[in-house]
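Right, one structure below, let's go through it.
The values are calculated or read from the model by the stated rules, or taken from the named source; none is laboratory data. The model shown is predicted, which means the values in this text are computed figures rather than measured ones. Methodologically, a virtual Cβ is constructed for each residue, glycine included, from the backbone with ideal geometry; neighbour enumeration extends over all protein chains shown. Protein only, heavy atoms only, side chains kept; ligands, DNA and RNA dropped before computing areas. Shrake-Rupley method; radii C 1.70, N 1.55, O 1.52, S 1.80 Å.
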Amino acid sequence: MEHWKADSEGIAVASEALRQGKLVGMPTETVYGLAGNALDAQAVASIFDVKQRPTFDPLIVHADSMDAALALASSVPAIARHLAEVFWPGPLTLVLPRRADLPDLLSAGLETVALRVPSHPVAHQLLKECGVPLAAPSANRFGRISPTTADHVLEEFTDAPEVAGVLDAGACEMGLESTVVGFPGGDRVVVYRLGATPLEELNDHVDHLEWVRVADAEDNPELAKRGEQSPGMLARHYAPRTPLLLLEQDAEIPDSDAGTGWLSFQGHPGLEGPQEVLSVKGDLREAANRLFGCLRHLDALGLDQLIAWKVPDQGLGAAINDRLTRASLR
Ligand code: TXA
Ligand code: MG
């Protein structure tokens, strides 16, 4: 696959590849996506194929404006339109009733489609130039750590001929995926996935926000069909290959063998072995931004186990703890 600079030339080449049904690594403000033409059933199928993603787990469709995004829905509840007006462009994904002519696989057979308008200028320009909405899951193989740099995308997909290249726009600003919200019955607001738009910010605009905790999610397709939870809530996710043990925020240092790597919020004195610190100054934004990169570093060391501490459970911290929890499940 090609490694393109994200300048106007690179964007032009990438959008031509997309129009021809190829896939492209696309930078967004959250993580890098593996993008393909959302209206082309073949391109959508090759996203599932290349990612080795199970076909019950639907994709997010990206558009360059609110109107273009909402045009892919068959109806838009008032509260959904309000959230789109407040949070787009940005890291919020809205799950809405889908237009019948969209490829079925996009929605994994559900009656809904996930929509988002990214704020990253390169994503915006690419969407504008290729002139079609782009389906883009995070550009990692299924269940693995999400990519926050173009190099991560290159590592995941070097050997995949369907991926034409990646547009390199440096590290992603947020480093954590979008928050995913659905509207079962058209009047409820349910958070399916915590992410880069904190619950507290959503709460300011929603009377009664519901939230499905990972621990409460079941592997039950009926619940997904009714919009009670997202198919992507499959517990183990965002996972390093090395087993990860997750400790509460204030837990003492446990006994450990050589071959242990550590991940802490602000740094722990007295640890033996490699340690990654999410944010020395205790900034949750910085921690969110560094999370997946730190996990990748530790995972590459070939250790026997990783031990991580939870971070404070507010704002972006809730989403960080969600990813750490899923990474720790076996
Ligand atoms: O920040 C992001 O959202 C990134 C960038 C590339 O935009 N994309 C991303 O996509 O994280 P992905 O495919 O890794 O995660 C999509 C999530 C999954 O949890 C999926 O189950 C959920 O959105 N989802 C998609 N369509 C849905 C639907 N119709 N109903 C419920 N959940 C849906
Ligand atoms: Mg993903």
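Things to note:
- Helical contribution to [θ] at 222 nm, DSSP H n ≥ 4, -39,500 (n - 2.57), averaged over the chain, rounded to 500: -8500 deg cm²/dmol
- Amide hydrogen neighbours beyond the local backbone of Q275, cut-off 5 Å, H modeled: W262
- Between helix 8-19 and the chain there is an angle of about 70 degrees, using the helix long axis and the longest principal axis of the Cα atoms.
- Phi angles across region 60-71 convert, under the Karplus curve 6.51 cos²θ - 1.76 cosθ + 1.60 with θ = phi - 60°, into 3J(HN,Hα) values of 9, 9, 9, 9, 8, 8, 4, 4, 4, 5, 5, 5 Hz, Gly and Pro given as x.
- Under-5 Å amide H pairs with L247, H placed in peptide plane, nonlocal only: A308, W309, K310
- Kirkwood Rh, angstrom, the chain [1 / mean 1/r, Cα pairs]: 20.0 Å
- Label sites at R241 and E210, each approximated as a point 7 angstrom past Cα along Cα to Cβ, lie 4.1 nm apart.
- When you filter the trypsin sites (Lys or Arg not before Pro) in region 102-175 for DSSP loop state and at most 15 other Cβ atoms inside 10 Å of their Cβ, you are left with R141.
- On Cα atoms only, tilt of 316-328 relative to the major axis of the chain in degrees: 80 degrees
- Gyration tensor verdict on region 1-116 (Cα atoms; rounded if a/c is under 1.5, prolate if a/b is larger than b/c, oblate otherwise): oblate
- Most tightly packed first, judged by the mean number of other beta-carbon atoms within 10 Å of their residues, the peptides 265-276, 59-70 read 59-70, 265-276.
- Residues in region 114-172 average 31 Å² of solvent-accessible surface per residue, probe 1.4 Å, ligands and nucleic acids excluded.
- Carbon/sulfur fraction of accessible area - region 249-330, other protein chains in place, 1.4 Å, %: 46 percent
- Look at where the Cα atoms of region 83-97 and of region 188-220 average out, and the two centres are 13 Å apart.
- Between E252 and D313, the simple label model (points 7 Å from Cα in the Cβ direction) yields a spacing of 2.3 nm.
- Percent accessible area from carbon and sulfur atoms, region 1-147, protein chains only, probe 1.4 Å: 51 percent
- On a per residue basis, region 179-254 carries 53 Å² of accessible surface, using protein heavy atoms and a 1.4 Å probe.
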